[in-house]
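First comes the structure, then the notes that go with it.
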Amino acid sequence: MTKTPWGDAATLRERKLRPGRGTARDEAERNQRERLFAAMVATVAEKGYEATTVADLVGLSGVSRSAFYRHFEDKQACFLAAIEAMVGPALKTLSAGPEKAGVEGAREAFSSFIELIVDQPAAAKMCIVEVYAAGPEGADLIDRTMRQVEKAAKALLDQVPDKQGMPEEIAHAIVGGIQKVIHKRLYRDQVDQLPGLVDQLWDWAFAYPVPPGPLKATRRRTVKTLPFEQRQTLASPPERILRALAAVVAEKGYPDTTVADVVEKAGTSQRTFYEHFKNKEDAIVAALDSGSAHMLAAALPAFRRAPDWKHAVHDTIEAMFAFGAEEPEYARMGGVEMYAAGKRALEQRETVTEGMEGLLAPGYELKPDTPPIAAEAVGGALYKLLYDHVNRKGPETLPHIVPILVYVTLAPFLEAEDAYEVSIG
């Protein structure tokens, strides 16, 4: 039976307050909300957010349908309210660490946070993985939450003498790397691995030296993005469908994208679509695979031509993010929208990030004491920077952030000066 922050789901109906003179109205209202939140966690854990219905929630919670709509406008409002109710105390715990006891207090708060995730995996999965399925509102909620965590991380780094003045982008990247490691363990149902990674993640977070100068390229690479229609004329019929899918998902988000939208954008028929793909999910997995294959085709020659490993990392990242600028629809889909596309899409992303982890293997030969989790966490950090930049400025300017991406990748394995010089080109 699924355990929730408000108790075992099997006891939800037993917690129903009976009406009477001794029951304060606000207590009854609070009890109803808590039981609805617990029902949301339990049902989403079993069925996923999209398949969860208001009928499921009222049936499991014992709250009447009329009472549900007195509290919430719809399922999404209840879902987001439940997440906010769970995230608030966790954020307070994380943020209190640096203020109360400096680095040691923050370290204890981080460990307690991981323990909370392990103790309440269904609730954590809803807050960190399923939240994207609620559309832009869900993504906005998790983004606002992570900004608070990043602010606390920056304040913590500023308390460490040799970390003072750390650029905010690196604090963002560090939090993103940790978020990615947690996210992966949650959707794979491997949260039991997290306690064993606490020390590694903490050491990786503090492995970053402050860059010796501004992370700006000595020369800025300009990438020309061809019009969507022109790129479509050069593609095969399946590729036109996949790029059209990426374009619609970039515009509307994955949950609101339909096959009809895709075939209209591709200028083809539903019959042609279903000749190549079973459904929308099958198509987005294929689109992620196609985009990744094209990106790697652009990046591998750059890797092979480089004179040494550190420049191979630079040239590969530069080529990958130049591809993102050339194919902005794929960049937005792969960097932002794929979080809402389900487990198969997330696994497809892991194929790409694990390839990046292999690229970093020589770094451990240069610095053997680098935490083993560093390669995986770096991949998450790069995704975080990609996600933020695409949301704020769009994919077309991705080459502009290559220096920060390269520094985040190399700094755990090299001296600060060396990582910096390679980063700025």
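The values are calculated or read from the model by the stated rules, or taken from the named source; none is laboratory data. Everything quoted here is computed from the prediction, not taken from an experiment. Because the Cβ atoms are built from the backbone with ideal geometry, glycine has one as well, and the counts that use them run over all protein chains shown. The area values use the complete protein model at the heavy-atom level, side chains included, leaving out ligands, DNA and RNA. Shrake-Rupley method; radii C 1.70, N 1.55, O 1.52, S 1.80 Å.
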Identify the residue in region 164-177 that is open to solvent by 30 Å² or more (accessible area, probe 1.4 Å) and touching a residue at least 40 places away in the same chain (Cβ under 8 Å) and, among all such residues, is nearest to the chain's Cα centre (by Cα).
-> 172
Note on residue 402: of the conditions (1) touching a residue at least 24 places away in the same chain (Cβ under 8 Å); (2) over 21 Å from residue 203 (Cβ atoms); (3) out of contact with any helix residue (DSSP H, G or I) (no Cβ under 7 Å at 6 or more places or on another chain), unmet is (3)
What number of residues within region 225-240 satisfy the criterion of being basic (Lys, Arg) and either touching a strand residue (DSSP E or B) at 6+ places or on another chain (Cβ under 9 Å) or open to solvent by less than 50 Å² (accessible area, probe 1.4 Å) (or both)?
-> 1
Qualifying residue in region 99-109 (condition: of a type in the set (Asp, Glu), modelled with pLDDT of 90 or more and in a helix (DSSP H, G or I)) = no
Among what's in region 186-203 and is of a type in the set (D, E, K, R) and modelled with pLDDT under 95, pick the residue that is least open to solvent (accessible area, probe 1.4 Å).
-> 188
Just one of the numbered conditions (1) assigned to a loop (DSSP other than H, G, I, E, B); (2) over 24 Å from residue 396 (Cβ atoms); (3) hydroxyl-bearing (Ser, Thr, Tyr); (4) open to solvent by 30 Å² or more (accessible area, probe 1.4 Å) is not true of residue 208; which one?
-> (4)
Being modelled with pLDDT under 75, farther than 30 Å from residue 163 by Cβ, touching a Leu at 6+ places or on another chain (Cβ under 7 Å) and not in a helix (DSSP H, G or I), is that true of even one residue in region 62-70?
-> no
Could you say whether any residue in region 389-411 is more than 19 Å from the chain's Cα centre (by Cα), within 17 Å of residue 317 (Cα to Cα) and outside any helix (DSSP H, G or I)?
-> yes
From the list 245, 215, which one is part of a loop (DSSP other than H, G, I, E, B) and in contact with a Ser or Thr (Cβ under 9 Å, 6 or more places away or on another chain)?
-> 215
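Residue 82: modelled with pLDDT under 90, surrounded by 15 or more Cβ atoms within 10 Å (Cβ to Cβ) and in contact with a Phe, Trp or Tyr (Cβ under 8 Å, 6 or more places away or on another chain), yes or no? Give the steps one after another, and end with the answer.
Values: modelled with pLDDT under 90: no; surrounded by 15 or more Cβ atoms within 10 Å (Cβ to Cβ): yes; in contact with a Phe, Trp or Tyr (Cβ under 8 Å, 6 or more places away or on another chain): yes.
Criteria not met by residue 82.
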Helices (runs of 4 or more DSSP H) wholly inside region 252-330 containing at least 3 residues that are in contact (Cβ under 8 Å) with a residue 24 or more places away in the chain and over 13 Å from residue 239 (Cβ atoms) | 280-305, 309-326
For region 405-425, which residues satisfy the criterion of being under 22 Å from residue 350 (Cα atoms) and of a type in the set (Val, Ile, Thr)?
-> 406, 408, 409
How many residues are touching a helix residue (DSSP H, G or I) at 6+ places or on another chain (Cβ under 8 Å), assigned to a loop (DSSP other than H, G, I, E, B) and at pLDDT 60 or above when one looks only at region 1-59?
-> 6
Among the numbered criteria (1) touching a helix residue (DSSP H, G or I) at 6+ places or on another chain (Cβ under 7 Å); (2) in a helix (DSSP H, G or I); (3) in contact (Cβ under 8 Å) with a residue 24 or more places away in the chain, which single criterion is violated by residue 357?
-> (3)
Out of all the residues in region 315-367, which are under 19 Å from the mean Cα position of the chain (by Cα), over 28 Å from residue 44 (Cα atoms), of a type in the set (Asp, Glu) and surrounded by fewer than 23 Cβ atoms within 10 Å (Cβ to Cβ)?
-> 354, 357
